[in-house]
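To start, the structure itself, in structure tokens.
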Amino acid sequence: MDGGIVIIGGGTAGISVAARLRRAGRRDVTVVEPSAVHHYQPLWTLVGGGRAPVSAAARSMASVMPRGVRWVRSAAVEVDPFARRVVLREGGEVGYGHLVVCPGIQLDWDRLDGLPEAVGHSGVSSNYSATLAPETWRLIRETTSGTAVFAMPSGPIKCGGAPQKIAYLAADYWRERGVLGRIDIHLVLPTPTMFAVPEYASVLEDVARRYGIHVHLESEIVQVRPSAREVVLRGPTGESVLPYTMAHLVPPQSAPD
Ligand SMILES: Cc1cc2nc3c(=O)[nH]c(=O)nc-3n(C[C@H](O)[C@H](O)[C@H](O)COP(=O)(O)OP(=O)(O)OC[C@H]3O[C@@H](n4cnc5c(N)ncnc54)[C@H](O)[C@@H]3O)c2cc1C
């Protein structure tokens, strides 16, 4: 398969690029993707917020693969740019004329001290995983008083809005249930403002004020202590400890190894 276009990853990017190339008339498009399931990740926020079932975010990979695109069901483990070939996990290789690399971003759960032990139980969840998003909704439903912590890590992450959106969905649910006043909500953001675009930042400040959310800017959770149900927050004035009844945490993320 020399001279064709090879796309690594059949996520949102890979499938979209493959579809556009097919529509533009290319007949030599190959997608290298190991997973049998394609996840529409933006919906996971609504799963965590109780507005959608997790099954609605999953499709079989075969059903989203554009017609006429060749699907190689394997993971790419190496790219040799001189020989123009992608080496596959199961052995074998695929040659290319052009290569599109879109394997997504990886979740580094263990880069936040205590997170791997805490997440999925101990009142901690994360919409950044299809299996955990329904747990977020369970925690929101079961919380009727106490302290709720929502946090975003520093560094690049997919969907800069997702760590905030779940806080607003939760707060609105608690408002509907009449328990909002009994829950102390903290939103921990590493950024100096609530959003990089000033017009959006000022709207979000109003939203947070309306729900009584305490916003911690230039701050980050640096440790989770599941047995004590508390998190350590590092902000501009140093470290402090926040107890939590429930917490929605987002793992640090990085380019795939
Ligand atoms: C909770 C949450 C909420 C979000 N909300 C929004 C939103 O509201 N709006 C928005 O625009 N975006 C949102 N996003 C972000 C959006 O989902 C991502 O930006 C998008 O999925 C990125 O597409 P991608 O194809 O780069 O990566 P992915 O969709 O993650 O796909 C990567 C694919 O590459 C495959 N892969 C990985 N490694 C290899 C390998 N070595 N070889 C071959 N294949 C490989 C994986 O199996 C996967 O199928 C959200 C994300 C999350 C997690």
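Listed here are the residues, each with its yes/no results for (1) in a strand (DSSP E or B); (2) closer than 22 Å to Ala18 by Cβ; (3) under 15 Å from the mean Cα position of the chain (by Cα).
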position	(1), (2), (3)
Val86	yes, yes, no
Glu90	no, yes, no
Glu117	no, no, no
His121	no, no, no
Tyr128	no, no, yes
Thr131	no, no, yes
Pro134	no, no, yes
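Among the residues of the stretch 21-55, just one is among the acidic types (Asp, Glu) and either away from the ligand (no atom under 11 Å from the Cβ) or not assigned by TED's automatic domain parsing to the domain that holds Gly95 (or both), namely Asp28.
Restricting Ala170, Ala162, Ala148 to residues that are crowded, with 18+ Cβ neighbours inside 10 Å, within 15 Å of Gln253 (Cβ to Cβ) and out of contact with any Cys (no Cβ under 7 Å at 6 or more places or on another chain) narrows the list to Ala162. Within the stretch 170-185, residues that are more than 21 Å from Glu230 (Cα to Cα) reach partners that are of a type in the set (Gly, Ala, Ser) with beta carbons closer than 7 Å, at six or more positions or on different chains, in the pairs Tyr173/Gly50; Val179/Ser145. Scanning the stretch 56-63 finds no residues that are crowded, with 16+ Cβ neighbours inside 10 Å, polar (S, T, N, Q), within 30 Å of Trp137 (Cα to Cα) and not assigned by TED's automatic domain parsing to the domain that holds Lys165.
Could you tell me how many of the residues in the stretch 202-222 are of a type in the set (A, V, I, L, M), under 16 Å from His248 (Cβ atoms) and outside any strand (DSSP E or B)? Even if it seems obvious, please write down each step before you answer.
So the first thing to find is which residues in the stretch 202-222 are of a type in the set (A, V, I, L, M), and the list is 203-204, 207-208, 213, 215, 217, 221-222.
Checking which are under 16 Å from His248 (Cβ atoms) leaves us with 208, 213, 215, 221.
Of the ones still in play, those that are also outside any strand (DSSP E or B) are 208, 213.
The number of residues fulfilling the criteria is 2.
The number of residues in the stretch 22-68 that are farther than 27 Å from Trp174 by Cα, among the polar types (S, T, N, Q) and touching a helix residue (DSSP H, G or I) at 6+ places or on another chain (Cβ under 9 Å) comes to 2. Test Ala13 against the criterion of being more than 30 Å from Gly91 (Cβ to Cβ) and either touching a Cys at 6+ places or on another chain (Cβ under 6 Å) or not in a strand (DSSP E or B) (or both), and give yes or no. Considered against the rule, which asks whether it is more than 30 Å from Gly91 (Cβ to Cβ) and either touching a Cys at 6+ places or on another chain (Cβ under 6 Å) or not in a strand (DSSP E or B) (or both), Ala13 comes out as no. Considering only the stretch 237-248, I want to know if a residue exists there that is outside any helix (DSSP H, G or I), crowded, with 19+ Cβ neighbours inside 10 Å and within 16 Å of the ligand (Cβ to nearest atom). Checked against the condition, which is being outside any helix (DSSP H, G or I), crowded, with 19+ Cβ neighbours inside 10 Å and within 16 Å of the ligand (Cβ to nearest atom), the stretch 237-248 yields at least one hit.
If you filter the stretch 30-68 down to residues that are polar (S, T, N, Q) and assigned to a loop (DSSP other than H, G, I, E, B), you find that the one that is nearest to Leu132 (Cα to Cα) is Gln41. Residues in the stretch 92-102 that are touching a helix residue (DSSP H, G or I) at 6+ places or on another chain (Cβ under 8 Å) and assigned to a strand (DSSP E or B): Val100 only. The set of residues in the stretch 201-252 that are touching an Asp or Glu at 6+ places or on another chain (Cβ under 6 Å) and among the polar types (S, T, N, Q) contains only Gln223.
The values are calculated or read from the model by the stated rules, or taken from the named source; none is laboratory data. Note that the structure is a prediction, hence the values are computed from the model and not measured. A quick note on method: Cβ atoms are made from the backbone with ideal geometry, for glycine too, and the neighbour counts reach across all protein chains shown.
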